[in-house]
Every structure is written in C-alpha cells, then in structure tokens.
Amino acid sequence: MSTQNSMVNKSTRQFGQVLEIIEKYDHDKTRLITILQEVQAEYRYLPQEVLTYIATALNMPVAEVYGVATFYAHFSLETKGKYVIKVCDGTACHVKGSSKLIDTVTKKLKLTNEKHTTDDMLFTLEAVSCLGACGLAPVMMINEQVYGEVTAQRCDEILDGIISSEK
C-alpha cells in the first residue's frame, strides 16, 4: 500500500463520523454551515484538524472553512463541557443582577476570566449579550434549558442538581 493510501485510510478512520456527515450532504460545499453544526454537535466544538479535514473533503480552501467557523458566534474552536451555561448579561439581565449569577457559577465551579471550562469537562461558562427572554431577567440557559428570574441561590441549587445527577 502506498504512503498516500495509508494516510487516506488513517484519516478516514480518524474522522469517520465527520466523513459520514459530509457524505450525508453529498460533499456539497453550499451545506458547509449545516455540516459544521452537525460536526460541532458531535465534538462539542470544532477542532482545527477537523476544519482542515472538512476543507479537504469539500475541496475548499481551509481559510474559507475557518472563516465561516469564526464568523458565526454559534461555532466554537475551543472545547466545551457537557453542560454549557450561558448567562445573559444584556441590559435587562445586568440591571436585575446577572453579574451575581456569573460570580456564583465562577466561584462554585472554580473558573476564572481565562478558564471557562472545568477540568472534568463537565461545565463551560459563557456570558452572552442576549438570550431573548428579557421579561424573565436575569436569565441563564444550560444547554437547551432556559431558567428565568434566577437568583444566586437558585443558580447554586441548579448547579448542585446537575452535579449530583452526574455522580
């Protein structure tokens, strides 16, 4: 077997799930965003080597794929935890105390301004501009679950519930 065939086979095994997603969309580069969404759902982020693989498989420049992945806020190039906690820090939420929620999560999960994901890869904290639920301020969202009118105490209880369900 030639070296090139060996590299292709190794790459196919390593990125099998990604290849299945790409094949599902017939290697159609106009479906790039959909492909990136599905790949991110699989990995919980978009690793650099996967972006390169996608570009190669779709016969696109890596810079173009990377440009799309970095343009949309939905995509992440950094690994995320199993539970992504989004705390709204928009005007309504900020006025109603969202900074207390951010502080509560940060302290409880031992995070910092530089470290947004816990060492066990269970949680990632993101402060976001708006979650579109201003009437429920302050709001936080964990994965797809929205929590409204959250106090620091309730935030702590929600996190405790998740932590105990993971044990």
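Quick note: the coordinates plus some simple rules give every number you see, no bench work behind them. Please read all numbers here as calculations on a predicted model, not as lab measurements. Reconstructed Cβ throughout: ideal geometry from the backbone, glycine too, with neighbour counts over all protein chains shown.
The figures follow:
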quantity	calculated
Among (1) part of a helix (DSSP H, G or I); (2) among the hydrophobic types (A, V, I, L, M, F, W, C); (3) over 26 Å from Lys24 (Cβ atoms) - the single one Leu51 does not satisfy	(3)
Selected residue [of a type in the set (Lys, Arg), surrounded by 14 or more Cβ atoms within 10 Å (Cβ to Cβ) and more than 18 Å from Glu78 (Cβ to Cβ)] from Lys167, Lys108	Lys108
Qualifying position, being without any contact (Cβ under 8 Å) to a residue 24 or more places away in the chain, closer than 29 Å to Pro47 by Cβ and of a type outside the set (A, V, I, L, M), among Thr124, Thr106, Thr118, Thr79	Thr106
Tally, over the stretch 131-147, of residues that are over 21 Å from Tyr45 (Cβ atoms) and surrounded by 14 or more Cβ atoms within 10 Å (Cβ to Cβ)	8
Positions within the stretch 65-104 being touching a Gly at 6+ places or on another chain (Cβ under 9 Å) and in a helix (DSSP H, G or I), in sequence order	Ala92, Ser98
Filtered residue count, the stretch 54-89, keeping only those that are among the acidic types (Asp, Glu), surrounded by fewer than 17 Cβ atoms within 10 Å (Cβ to Cβ) and farther than 15 Å from Lys115 by Cα	1
Test: Lys80 is in contact with a Pro (Cβ under 6 Å, 6 or more places away or on another chain) and of a type outside the set (Val, Ile, Thr)	no
